[in-house]
Every structure is written in structure tokens, then in C-alpha cells.
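Taken together, the values in this text are just the output of simple stated rules run on the coordinates, not laboratory data. Predicted model only: the values in this text are computed from it and were never measured. Here Cβ is always computed from backbone atoms with ideal geometry, including for glycine, and neighbour counts include all displayed protein chains.
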Amino acid sequence: MKVGDLVSIAAWGSVGQVGSRPLGVVTCLDPEEIGDPDEAEVLWVNSWRGHSNHSTWYLEVISKVGQKVSG
């Protein structure tokens, strides 16, 4: 997972259910600067709004930085 990746919550149905599925962009890794490589700050842009911190274990990368999104 990298800054700029498009992510969603891993247990939130299939990728095809984009309409109501939370989608966000990773804006920072280790946002609390405590050396935790498994925490990311996400700016939510679909279904949810605002910034929040999440364990990367519960996030699913939908599109990586530089990857072309089809649709």
C-alpha cells in the first residue's frame, strides 16, 4: 500500500459494488509517526467523508498509484 492508492474497506462486499462502497485515497502511512507501517490515513470520497486512520489489514487496494482505472 502506498500514498495515493485508491482503497476501500476489505470486508465490504465485492469490488463491483462501488455505488455504496466506501472509497478513499491513502494520504499518509504511519500518520501518528510511531513507527507503525500497518496504519494509514485515508481521505474518504465516496459513501464516507473526511480523513480517518485505519489498519492496513482492513483496507483493500482498488487501484494502485499509476495504475489505470477502467470504467
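Data overview
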read-out: Spin-label pair Cys28/Val65, simplified geometry with 7 Å Cα→Cβ offset, distance in nm; value: 1.6 nm
read-out: In order through region 42-58: 3J(HN,Hα) via Karplus (6.51 cos²θ - 1.76 cosθ + 1.60), integer Hz, x for Gly, Pro; value: 10, 9, 7, 10, 9, 6, 10, 9, x, 8, 7, 8, 9, 5, 5, 5, 9
